[in-house]
Every structure is written in structure tokens, then in C-alpha cells.
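Q: Below are the C-alpha cells for one structure; questions will follow.
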Amino acid sequence: MKTRILAFCAVAIAAMAPVAAGAMDADYFKGKTIRIVIPYDPGGTYDLYGQTFAHFINKYIPAKPTIILQYMPGAGGAKAMNWAYSIMPRDGLYMFTPLDNTVVNQLLQPKQSPYDARKFNYLGASNQTNIVMVVRTDTGIKTWQDLKKKEYIASATGTVDTGYIGPKLVNGLLGTKMKVVTGYKGSNAAMMAIEQREADLATYNWLAWVSREQWFQGDKPYAKAIMQIGTFKDPDLKGDVPMLSDLVKSADDKKVVALIASLGVLGRGLAYPPGVSADLIATMRKAYDQMNADKEFAADLTKRKLRLIPSSGAQVQKIVNETLNDASPAIVARATKIIYGK
């Protein structure tokens, strides 16, 4: 699975039934407004990437439409994903930032995520990142083994959130004792819970933690990373932060970790709902690729302390399709039992 996930190559997607005549006309977007739906409250990395997309991508869209953000938090992002799949207009005037755990949620929480992620139309992505477990240093936690000694509190938005999936996965595979408290509105709020000492730790992608880089500085940092989940070690993490895949021993456990790790390569990007015309998809994928190649776009991401690790829409579509097509029912069932007790 790891080889297939990382093997980026162009793929063809099935043509969708057109919903707008003349979608390729230069004037199709003239005078119109495109909405980017963000699945969380303002302040997190989905929002920060969304703001940058909104500022730059219209440079490359014919007729340069107005682009605004629309926030739709709820259920750890599942509310927006389900709305995008079943209700979002198919006229090309609505896009969304898909969750990095879109595929994992479909496989492990089908009742809360009743969609087929293969039917979304991915326009591109601008980052790849690992899930990183970060603890407040005054808790006395020095390594992940300390999490076996007593119960610690982890903050999360909902049960489809990496803040929930990460600790539950580690509990099940390594025998730690983390208790996950859900209900926070976005990763930013979940991390704020650590600052307010409501929680001891949280498990989000490293990009989210970079927004609090001051926590990790100095001889006595406020917080530290103790574990990461991904397909490769994050190059920006300092010190020896072990990979969960290296800590588990059995072949089945490694396959479970690989399934969850697949979400890291989906990054931060944009997608259309099912049913958008093939012409519109092609136009917007081209615009996204041009935005990813824009030096000013890269510079703006750097200012926001965000990374640019680009993938095309076809590459993301391939990752999603192959991960779902290759998912073993036995491994999915094992992962589900470990994380959700089912």
C-alpha cells in the first residue's frame, strides 16, 4: 500500500454528466462568486490554506470570479463532507477543502461518513504531513512510554478527527491510557485546550503545530512531539520522534498503521462534489496546478508558516481510489475495532 500511495502518476477519471452548458466558455465565471467551504471554524490550517487559495487561484480561472470562504464546522468535519457529497451545488461555484482523513473516515466510520470518496473530484493539494502527538512538558511526559503509567487527557473535535483517531490507535496498539475528550470546534480550539490545561496532549498534523512554534523553542519548551504517524518521517520535526509504524511489531498492526497513515499524503487542497462537468474539473485542475507553481503563492504560504508540497488533482484522485480499492476488509475491521471498539 505504501508504494502505491506514494507513487504519483497521472490517471484518467470518468467523465461526469455536464450540469452547465458552455462550462469551458471564457465568460462562464464572469461576474460570479465561487465559495470555498471550510469544514472547521476559522483559525486552523484548513482556514489558512483556504484563505491563500481564495487569494491566488482566481488569477488562473477564466473571467477571474470573486472567491469567498464559507465555514461549516461540525462533527469533526463530517458535516461539511456529507453536505458536499449530497447537497452541494454541482455548477462549479462551490468547492471545499476535503479532510485529510476523508478515506479513513469512509472506511472506519461509514455511518458518519456515508459517501464514496472516489466520487469527489480532487483539484489538487498543496501539502503532505504526518499526524504528530504533542504533549505539554509540565505533564512529566518525556516519551510515549510514559503514557502507559496513568491516564492523560487528549483533546479532539469529534470521533472522525485525527485528534480522536490518533490516541485511540496508539492506546489499542501500544497499551497506553489516553482518554479523548471531544467537542472542540477545530484543531485550533483543541490545541488551545492544552494551553488552558484542559488537556495534556493532542494529535494533529505537524502543520497545525507549527502555528504554535514558540511552544517548541528554548531549553525548556512548553510542549514536545513524542510520536508521529505517516509514511515517512517529517523533515521538519527536530530530534528523534519515533514513527508508530516502527513501534508496532506484527504484520497486521503495521497494515493498520499504514491504513491510517494514508491520510497524511492527502494534504490541504480543494475538491468539487460529485457530478460537476468534466470541462469544469479540467479547467479548475489546470488553475490549481498554475497556483501551485506561482512563486507568490509559495511566498504567501511561507509568511503564514505553511508548507508547499504540491500534488495534482489526478495524483490525489489516484491516492484516494487506490487506497479504497486496496483496503482489506480484515484490516479495516481490525482498525475499526481498535479505534472505535466495534
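The values are calculated or read from the model by the stated rules, or taken from the named source; none is laboratory data. Note that the structure is a prediction, hence the values are computed from the model and not measured. Neighbour counts run over all protein chains shown; Cβ positions are idealised from the backbone, glycine included.
Q: Taking the residues in region 93-110 that are surrounded by fewer than 24 Cβ atoms within 10 Å (Cβ to Cβ) and in a loop (DSSP other than H, G, I, E, B) as candidates, determine which candidate is modelled with the highest pLDDT.
A: Leu93
Q: Further, regarding this structure: Filter region 29-78 down to residues that are within 15 Å of the chain's Cα centre (by Cα), assigned to a helix (DSSP H, G or I) and not small (Gly, Ala, Ser), then give me how many there are.
A: 5
Q: Sticking with this one: What is the number of the single condition among (1) outside the structural domain of Ser328 (by TED's automatic domain parsing); (2) touching a helix residue (DSSP H, G or I) at 6+ places or on another chain (Cβ under 6 Å) that Trp206 does not meet?
A: Only one criterion in (1) outside the structural domain of Ser328 (by TED's automatic domain parsing); (2) touching a helix residue (DSSP H, G or I) at 6+ places or on another chain (Cβ under 6 Å) is unmet by Trp206, namely (2).
Q: Among (1) at pLDDT below 95; (2) under 23 Å from Ala117 (Cβ atoms); (3) buried (at least 17 other Cβ atoms within 10 Å of the Cβ), there is one condition Lys185 misses while meeting the rest; what is its number?
A: (2)
Q: Return the total of residues in region 221-249 being assigned to a loop (DSSP other than H, G, I, E, B) and of a type in the set (Val, Ile, Thr).
A: First, pick out the residues of region 221-249 that are assigned to a loop (DSSP other than H, G, I, E, B): 221-222, 230-242, 248-249.
Applying the additional criterion that residues be of a type in the set (Val, Ile, Thr) yields 231, 241, 248.
Residues meeting the conditions: 3.
Q: Only one of Ile309, Ile319 is touching a helix residue (DSSP H, G or I) at 6+ places or on another chain (Cβ under 8 Å) and not hydroxyl-bearing (Ser, Thr, Tyr); which?
A: Ile319
Q: While we're looking at this one, here's another question. Under 28 Å from Asp326 (Cβ atoms), modelled with pLDDT under 95, within 20 Å of the chain's Cα centre (by Cα) and hydroxyl-bearing (Ser, Thr, Tyr), is that true of Thr129?
A: Here the answer is yes, as Thr129 does meet what is asked.
Q: Shifting gears a bit: Kindly provide the set of residues from region 171-191 that are over 19 Å from the mean Cα position of the chain (by Cα) and closer than 30 Å to Ser126 by Cβ, ordered by number.
A: Val180
Q: Is it true that some residue in region 255-269 is at pLDDT below 95, within 23 Å of Ile331 (Cβ to Cβ) and basic (Lys, Arg)?
A: There is at least one residue in region 255-269 that is at pLDDT below 95, within 23 Å of Ile331 (Cβ to Cβ) and basic (Lys, Arg).
Q: Evaluate the following for Lys168: is it more than 23 Å from Val104 (Cα to Cα) and among the charged types (D, E, K, R)? First the steps, then the outcome.
A: Working: more than 23 Å from Val104 (Cα to Cα): no; among the charged types (D, E, K, R): yes.
No: the conditions fail for Lys168.
Q: Select from region 142-175 the residues that are surrounded by fewer than 21 Cβ atoms within 10 Å (Cβ to Cβ) and β-branched (Val, Ile, Thr) and write down the one among them that is modelled with the lowest pLDDT.
A: Thr159
Q: Check Pro73, Pro62 and return the single one that is surrounded by fewer than 22 Cβ atoms within 10 Å (Cβ to Cβ), more than 23 Å from Val210 (Cβ to Cβ) and in contact with an Asp or Glu (Cβ under 9 Å, 6 or more places away or on another chain).
A: Matching residue, one of Pro73, Pro62: Pro62.
Q: Sort through Lys119, Lys79 and tell me the only one that's surrounded by fewer than 19 Cβ atoms within 10 Å (Cβ to Cβ), out of contact with any Ser or Thr (no Cβ under 9 Å at 6 or more places or on another chain) and over 25 Å from Asp326 (Cα atoms).
A: Lys79
Q: Check Lys255, Lys249, Lys295 and return the single one that is within 26 Å of Leu174 (Cα to Cα) and free of Cβ contacts under 8 Å to residues at least 60 places away in the same chain.
A: Just one listed residue meets the conditions, Lys249.
Q: Tell me the helices (runs of 4 or more DSSP H) entirely within region 266-339 that contain at least 2 residues that are outside the structural domain of Tyr46 (by TED's automatic domain parsing). Working first, answer last.
A: Values: elements: 278-292, 295-303, 313-326.
Here the list is empty.
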